[in-house]
Every structure is written in C-alpha cells, then in structure tokens.
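J.: Here's a structure for you.
The values are calculated or read from the model by the stated rules, or taken from the named source; none is laboratory data. The shown structure was predicted, so the numbers you read here are calculated from the model rather than taken from an experiment. Every residue, glycine among them, receives a Cβ derived from its backbone with ideal geometry; neighbour counts consider all protein chains shown. Accessible surface areas use protein heavy atoms only, side chains included; no ligands, DNA or RNA. Shrake-Rupley method; radii C 1.70, N 1.55, O 1.52, S 1.80 Å.
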Amino acid sequence: MARRKVIAFALSTSLLLLQNASSSGLVCKTWTGADQEVPPPRVNDGYCDCPHDGSDEVGTGACAGSMDGMWAGLSPRLLPSDADAAVPPAAFACRQQPSLRLPLSRLNDGICDCCDGSDEATDPSLSSVSMRGSCPDICDEVLADERARVAKLRSDFEAGFKVRAEAIEEYDQWRSRSEENLHQLRDVDMEIMKKDKEELDLRLTTAKLTFARDWISSVMDITSLMSTNEHQPSLKGMLIMDEMETVSFILSLCMLSAEISAQNLVNGRCLALDLASLDLGIIWDHSSDPMPTFTLLDSESKDSLSQYADSILSRIEGKEAKKGPQSNSRRGGRHGRNDRPPPPDVSSGDDPYGDDWEDNDHDDDEDIESPHQDGELESSDGDSGVESPKSSIENIVEELMDSLPHDRSLFRKQTSLVLNYSPPLSGKKQTKTEEIDDIVPEDSPEGAAESEEEEQENEHEVDPMALKEVKLALGRLSGSVDRGEISAKSAARYIVAMHASETVLDVELLALMVLYHSKISASDVAELIYMISSEFKVKEDEATCSAPWAAMCPPRTKAGEGGRTYPPTVIVEAAQAVCDQREGAAYVCSSQIEEELNLPTEVSDGYYNYYEPRGRDVDDGLSAYFQDLDGMQMIPADLSDLMKQRDSVEKELKSLSIRISSLERELGDDSDKSKYGADGELYTMRDSCHKVEQGKYEYEVCIFGKATQRDIGQRSGGTNLGQWHSATVDENSGKRLLKWTGGTKCWNGPVRSAEVSITCGAKTKLLSADEPETCRYILEMESPVGCDESFKQSNAL
Ligand code: MAN
C-alpha cells in the first residue's frame, strides 16, 4: 500500500522535469555524479538513466522516488566503500543481513527492508517520506535463529580449529621424529649392518674354503692310514674283494644300516653312501632322472670348494645338502676341459670297476652309458621293443640286488602270510602253530579244503594277544627289511651312475667310507665279508641244506704282506662270535620253498634266517678304526662362530628391513603424501572408527580401515562397504572427502562404496548416512578436520 502511494506521487511530480529535456537530449547526472546526455530514445524507455533526479523517466516508474526531496539519491553513507569505483554496486547489502541484497531502487523508498532500517536514510535533510528514519530495529527478533546458528558455528569452529591445529602439530612432530628414525635406520644402521655382513661373508668364505680343504685332506690322511696301518691289518686290507664284490659290500651296508634305523634312509637314499660320497668330494644332484648325476669337487675352484663346504656344513647341521649351481653339474661326471680330477687319493690310476663290470654278463652296460655319452636319454619306445634307459638301469639294479648275500625272501614271504592272517570269527577254533604247522590262510583254496579237518584237530584257540604281539614284532621287522631294500636299491642306482660316468673313482675307498658312515657292528660287517669275498666264501652245496651263515664258520684267515693276516682280527673275532652264537640255531634252507603259514607264538632273532643287524657301539672293535673320522664330524669353532655371527647379522638385517618398510608404509611414500589428509590432519584420527544409525542400519567407518553396514543391534559382521581408499579436499566446497571402495558386490549392481564428506565441528561425529544410488553410500560427518581457514572465510566467521 505504501509503495503504491509513493509511485503515484512520483508520477505527478515527473511532469515538471519534462521541461528540462532539450530537443537534442536530456542532460542529467549519472550515479557517480558525472554529467551525461541522455538521447531521446532513452527517455521514458523504462530504464532509469538519471538516478539522482529521475529526469529521464518521468513518464514511467523506472526512477520512482527520484523527484527532488523524494529520491534520496545515493547517500555516501549507504554506498559501499568502493563507491567511487567505475562499476556501480548492483545491490545494497543490509548491514546486519549481509546475505539480504536490495535493488538500489528500494533504498529510501519509505519501506523498511533491512531489519535495522539501514535501507532507509536517517538524514533529516533527505527526509520527506513518512517511513524515513522511523524504521524500528527488529534485528534481535528477526536474526535470533541466525545469530544462534552463527554463534554456534563460530564456537564450533574455534574449538575445532584448535583441535585441528593440535592434531597437525602432533602429526608434524610424529613425522619429523619418524623421518629422523627412518633416516637413522635406512641410511645409517642399515649401511653399517650391510658392511658388517659383507665383511663377515668374506671371512666366512675364507673360513669355508679352509674348512673344505682341511676336510678333504683329513679324509685323505685318515683313509691312507687305513691302508697303511703298521700294527694291525689295515682296514683297507680287510676288503679282500674284487670290484663287484665291493659293490655288493656297499649295497649290503646300505641295506643293513637302513634296517637298523629309519634315520639312515634319507629321502629314499642310503645316508651312508651320501655321506661317504661327500667325504670323497662327490657332490650328488639327486634330482636328475633316471640316474642321479654328480659333480666332483674341484679343489682349485673357490666356487666348487665353497659349494662343497656348504654341503658338508649342512650335512653336519643335519640339513639336506644344498644343490650346487647347475653349471657345476656334469651329467655322468665326464671330465670336461675345466674339470679337474678328484682329490688325489680318491681316484686310483686304474679302472676301478675293471673287467668285473664287463664280465658281469649284463648286456645293458651300453644302455646305461649311452644316455650319458650322448648327453641325452634314449626315449622309451614300447613298440620297438627297445628297452628304455630307465628299465635297463632297473635291470642292472635288480641284478646287483640279486648279488647281495642276505636273502630276505623267505622271511618276507612268511612275514606277509602272518601279517595277512586273521583268526576265524568266534565259534571256529584255531590251533597254536606249534601243534599244527600247516595252517593255511582261509582265503586260499587249500585253506577251504582243509578247514573242516582243522576244526576237529584244533584244540587250542590262537591267543589273540600273542598274535597281536607277533604281528607287531613282524610288522616292525618287515618295515626294517623294506627300508633296507629301498636303501640298497638306491645305492645300486648311485653306483651305476658312478660307473656310467667314466669317472675314475676308488670304489674300495668309497666302501670304507660307507662302512664308516653305515655304523654297522663288526659282527654284521664280518658276516658280509665272509659271505661276499670269494677269498673266504665257501661255495654252498646246492644239494645239502646248510645255514646261510655256515659259509663263515669257522672264520678263515689269509696271510698277507708283512706277516699280517686278513681279515683283521677284529673281523675274525666278530665272525667267530656270530658262529658261536648261531651254532645249532634253527634255519630254513633257501631251497625250501615255504608257501604255507606257520603262525609263531613269538618272534625270535633268526626268524626265517633274519637276524636283525646291529649298530656299532663304542665298544665295537671297529669303532677304534674310525676315531679320527668321528672327530671330524664337527664344525670347527671359528667357523661355527662366524656362521653364528652371520646368522645373527642376517636376522638383524631382516628385522631392520621389516622395520624400515613398515615405517615407510606408515609415513606414506612420495606418491602418497596425502596419506594423512591435508596437513596431516587425519593422523590423530588414524584407525579410529565412527558410527551412525540410519533407518534399519548402523554404519561404521574406520579411518584407514573398513566401512561396514550392519543391521541395528548386530554386534559384528555386517556388509562390507569397502576398504579405505583416499582422503581428498573438494576444490569448490573445500570439504574433505573420505572414500572407501571395493566392498561387497551388490546383487545385480555395483561393488559397494562409501564416501564421507566432512564439515567443521568441535568433535568428530557421523551425522547421517544415505544411499542415493543402490549400494553407493554417502555419509555426513562433522569434525575438527574440516575447521580450516577456508571454512572460516566461506562462512564469514
Ligand atoms: C542390502 C543393503 C542395502 C542395499 C541392498 C542391495 O540390503 O546393503 O543397502 O541396497 O543390500 O541389494
């Protein structure tokens, strides 16, 4: 109403101003006070060109209130400070309501627009409108809510700003401490430790070379002593055997040692042969197939010596020998240009296997050698009838096995019958074996025919407990026998490989070292010698059935050089003891084929000719021969010290590297400077989790961790909304955005993800959660993290 009144008044007074208009145009002042000429077309065109007096728009309302005394014009008091700027202000801002913008035409128009009336002049000289100067100040009422909001914002900001500043300070301190720490660890400690390790490695390499050389020379010394013992028949001399017999001796040692203990069979190989080869500078590559290959120690090459030392050391430490570098390995061991012969005493000038190998009338000799001579294996071809290298090797292995003096076949057969025997079910009586020795297993045809008769004859049931014990004992023995066979077969394969290699090796020396490592008692060794060596062996008369050991009883001797007799006394005595012990003992002739079950009530030594081999103990006559070798099986103190030091330096290096990388990860690398958000503001919040409930869900976000959605009331689990992804600052709004990505895939939708936008707040708190698109979650958070300068400015705080 008041506004309409003012306009009417303006129309009536504008007519007076028409008189000032010249025909060429109207002259009036612009808003800055400069004179201007307003051309006729712009007069009364609805746009106010003359704001001071409204003279160009007297016919319209465009300059309403511009009549003298009624148009206040632009009071200097109301103009912004840059009033003399070339561009006029577009609007008037109420002093207490900066967001309320008024068009200039509403200034001094008699209407109170600003709550403090500041849009209406109080200058009395300009006052001619009723409202002028009489606007009441109603700001307290109008701005109450806004003022409260701003006051809270300000106090939150101040509190948050402080917290943020402290967090940044803490981060800075942590960062500089950590960087210093990292520098110390990475550039100082690590360097020192690496140098230490380098020095240690150097000393260790030297010590290992010395160790390897010493080892070899000790073995040589000891073994040559064995050959030239002045006072008693040398150990070497005890082996009055030809090459083939020596091979049988080695295989038998491997068999007996594995029968004594499972520990003597390592990965299906004869440990004694492994160790003996190593002593003699033979380094096996067990992985090659069908035949193992080996490298000979090249005592002139540091690499070879060091590899050798490693093998010996790991063997002493009880670890499997490390595999040598492939370049050192030589299939079949044929000497190459750079290959040196093995240590002098290991090889003899003669062909070690001599004619015995050729004479052994196995036709497969060529087959063994050919793959190695040609550098590749013949492929197996069933159709052509050509034997594959593998099977020809197996044939030789079988032949070698047949040459072994101990025949376990009768024992095996009986043992398996007993082990497979199960007593008939209740009601059916079973006899004790002693009374009826023709018990045939139920499932055999004879068993069915005889069962009735048996039933009548059998008065005593088999004691199930006794049977159990018998089975237990036989089970153990049969396991031993199996191990022995595996061990001997494996040894046979290695021996075949050595032979095929054409490398000149002293097989007698090897036998002595296997004898040492097999740790077989003198009596078992004696039995082998007497049964293998053709010098002592009595040809068994096929027609008469004699005990297998009868060949050595009584033990014979043979005069040797220097008035010595062979075998050495220790062996002869041990053989004699065996003869005494077994005199009159029951035995089964090899010619007797026993197919039927004889259930024993107990298993005694010598069951089906199987006498358990015994290990060599300290009192054993043979132990004295090997004392010096026993002393060698230790790592010298200085080398062991160095190894310990190196191990501990390596351990320290490892833990140092772990610490360095974890510190680097914590600090964030160069490409990850924003890990802790702008200025490191998130550092103090690291690993903190925040929750909010919305609808039927509770949302939890963990800084640098995971975001989860759970049903309200659910304590754990929930839907994975993603793993921590990043913290960024939105360029336009200045808001922090925290992201979690790669959550559980939405059914028929995207992989879940969550985004938290942070506004300034005194404390960190999640305010709300929303799912604007399926499986995309937007959360609002307030936190001191958002209380920075840009927030202050944009909120005019
Ligand atoms: C669950 C929740 C919801 C989501 C649906 C999608 O119910 O994660 O937030 O929308 O799965 O199937």
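J.: Hey, among the residues in region 766-791 that are under 42 Å from the mean Cα position of the chain (by Cα) and not in a strand (DSSP E or B), which one's farthest from H690 (Cα to Cα)?
T.: T774
J.: While we're here: Does region 686-695 include one or more residues that are open to solvent by less than 20 Å² (accessible area, probe 1.4 Å) and more than 16 Å from the ligand (Cβ to nearest atom)?
T.: Pass one, region 686-695, residues open to solvent by less than 20 Å² (accessible area, probe 1.4 Å): 692.
Now narrow it down to the ones that are more than 16 Å from the ligand (Cβ to nearest atom): none.
Checked against the condition, which is being open to solvent by less than 20 Å² (accessible area, probe 1.4 Å) and more than 16 Å from the ligand (Cβ to nearest atom), region 686-695 yields no hits at all.
J.: Considering only region 714-748, state which residues are away from the ligand (no atom under 16 Å from the Cβ) and of a type in the set (V, I, T).
T.: Scanning region 714-748 gives T728, V729.
J.: Report yes if L656 is crowded, with 16+ Cβ neighbours inside 10 Å, at pLDDT 95 or above and part of a helix (DSSP H, G or I), otherwise no. Write out each step before concluding.
T.: On the way: crowded, with 16+ Cβ neighbours inside 10 Å: yes; at pLDDT 95 or above: yes; part of a helix (DSSP H, G or I): yes.
So L656 fits the description; yes.
J.: Can you pull out every residue in region 750-765 that is open to solvent by 20 Å² or more (accessible area, probe 1.4 Å) and either in a loop (DSSP other than H, G, I, E, B) or within 16 Å of the ligand (Cβ to nearest atom) (or both)?
T.: Filtering region 750-765 for residues open to solvent by 20 Å² or more (accessible area, probe 1.4 Å) gives 750-753, 755, 759, 762-765.
Selection gives P750, V751, R752, S753, E755, A762, K763, T764.
J.: Could you look through region 680-695, keep only residues that are part of a strand (DSSP E or B) and hydrophobic (A, V, I, L, M, F, W, C), and pick out the one that is farthest from S178 (Cα to Cα)? Don't jump to the end; show me each part of the working.
T.: Residues of region 680-695 that are part of a strand (DSSP E or B), as a first pass: 689-694.
Imposing the further condition that a residue be hydrophobic (A, V, I, L, M, F, W, C) reduces the set to 689, 692.
Details: C689: 24, V692: 34 Å.
Per the criteria, the residue is V692.
J.: Another question, if that's okay. For the condition at pLDDT 90 or above, assigned by the TED database to the domain that holds A526, over 35 Å from the mean Cα position of the chain (by Cα) and of a type outside the set (D, E), what is the one hit in A262, A258? Even if it seems obvious, please write down each step before you answer.
T.: Working: A262 fails: over 35 Å from the mean Cα position of the chain (by Cα).
Criteria check complete, one pass: A258.
J.: Anything in region 499-527 that is hydroxyl-bearing (S, T, Y) and open to solvent by less than 10 Å² (accessible area, probe 1.4 Å)? List them, or say none.
T.: Applying the first criterion (hydroxyl-bearing (S, T, Y)) to region 499-527 yields 501, 503, 516, 518, 521, 523.
If the condition is that a residue be hydroxyl-bearing (S, T, Y) and open to solvent by less than 10 Å² (accessible area, probe 1.4 Å), then S501, T503, Y516, S518, S521 are the ones that fit.
J.: Filter region 212-225 for residues that are over 18 Å from A624 (Cα atoms), of a type outside the set (D, E) and open to solvent by 10 Å² or more (accessible area, probe 1.4 Å) and give the result. Talk me through it step by step, then tell me what you get.
T.: Step one: list which residues in region 212-225 are over 18 Å from A624 (Cα atoms), which gives 212-217.
So of that shortlist, the ones also of a type outside the set (D, E) come out as 212-213, 215-217.
Scanning region 212-225 gives R213, I216, S217.
J.: If you take the residues in region 767-792 that are open to solvent by less than 50 Å² (accessible area, probe 1.4 Å) and within 16 Å of the ligand (Cβ to nearest atom), which one is nearest to T719 (Cα to Cα)? Show your work before the answer.
T.: At the first step, the residues of region 767-792 found to be open to solvent by less than 50 Å² (accessible area, probe 1.4 Å) are 768-769, 775, 777-779, 781-788, 791.
When the remaining residues are screened for being within 16 Å of the ligand (Cβ to nearest atom), the result is 768-769, 775, 777-779.
Numbers: S768: 18, A769: 15, C775: 10, Y777: 12, I778: 15, L779: 16 Å.
Of everything passing the filter in region 767-792, C775 is nearest to T719 (Cα to Cα).
J.: Let me ask something additional. Tell me, please, whether a residue that is modelled with pLDDT of 85 or more, closer than 25 Å to S546 by Cβ and small (G, A, S) can be found in region 612-619.
T.: Within region 612-619 (the criterion being modelled with pLDDT of 85 or more, closer than 25 Å to S546 by Cβ and small (G, A, S)), the answer is no, since none of the residues qualifies.
J.: I'd like to know if region 490-498 contains one or more residues that are farther than 28 Å from P555 by Cα and open to solvent by 10 Å² or more (accessible area, probe 1.4 Å).
T.: The answer is yes, given that some residue of region 490-498 is farther than 28 Å from P555 by Cα and open to solvent by 10 Å² or more (accessible area, probe 1.4 Å).
J.: Look through region 291-303, keep the residues that are assigned to a strand (DSSP E or B) and not aliphatic (A, V, I, L, M), and return whichever of them is farthest from S252 (Cα to Cα). Let's see the steps before the verdict.
T.: Applying the first criterion (assigned to a strand (DSSP E or B)) to region 291-303 yields 293-296.
Next cut, not aliphatic (A, V, I, L, M) only: 293-295.
Values: T293: 22, F294: 22, T295: 25 Å.
Taking the candidates together, the pick is T295.
J.: Please enumerate the residues belonging to region 735-787 that are touching a Ser or Thr at 6+ places or on another chain (Cβ under 8 Å) and at positive phi.
T.: Residues satisfying the conditions are G742, C775.
J.: Additional query: Would you check if there is a residue in region 317-334 being part of a loop (DSSP other than H, G, I, E, B) and either modelled with pLDDT of 85 or more or buried (at least 19 other Cβ atoms within 10 Å of the Cβ) (or both)?
T.: Checked region 317-334: at least one residue is part of a loop (DSSP other than H, G, I, E, B) and either modelled with pLDDT of 85 or more or buried (at least 19 other Cβ atoms within 10 Å of the Cβ) (or both).
J.: Could you tell me which residue of region 696-713 is farthest from F161 (Cα to Cα), considering only residues that are in a loop (DSSP other than H, G, I, E, B) and away from the ligand (no atom under 16 Å from the Cβ)? Don't jump to the end; show me each part of the working.
T.: The first filter runs over region 696-713 and keeps only residues in a loop (DSSP other than H, G, I, E, B), leaving 696, 703-705, 712-713.
Imposing the further condition that a residue be away from the ligand (no atom under 16 Å from the Cβ) reduces the set to 703-705.
On the way: I703: 20, F704: 22, G705: 25 Å.
The selected residue is G705.
J.: Let me spell it out: the conditions are (1) surrounded by fewer than 16 Cβ atoms within 10 Å (Cβ to Cβ); (2) within 16 Å of the ligand (Cβ to nearest atom), and N795 meets all of them except one. Which number is the exception?
T.: (2)
J.: What number of residues in region 631-673 are touching a helix residue (DSSP H, G or I) at 6+ places or on another chain (Cβ under 8 Å) and closer than 30 Å to S521 by Cα?
T.: So the first thing to find is which residues in region 631-673 are touching a helix residue (DSSP H, G or I) at 6+ places or on another chain (Cβ under 8 Å), and the list is 632-636, 638-639, 642-643, 645-646, 649-650, 652-653, 656-657, 659-660, 663-664, 666-668.
Filter once more, so that each one left must be closer than 30 Å to S521 by Cα: 632-636.
Here the count works out to 5.
J.: Within region 706-720, how many residues turn out to be at pLDDT 95 or above and surrounded by 12 or more Cβ atoms within 10 Å (Cβ to Cβ)?
T.: Residues flagged as at pLDDT 95 or above and surrounded by 12 or more Cβ atoms within 10 Å (Cβ to Cβ) within region 706-720 amount to 8.
J.: What number goes with the only condition from (1) open to solvent by less than 40 Å² (accessible area, probe 1.4 Å); (2) within 16 Å of the ligand (Cβ to nearest atom); (3) under 24 Å from A167 (Cα atoms) that L667 does not pass?
T.: Of (1) open to solvent by less than 40 Å² (accessible area, probe 1.4 Å); (2) within 16 Å of the ligand (Cβ to nearest atom); (3) under 24 Å from A167 (Cα atoms), only one is false for L667: (2).
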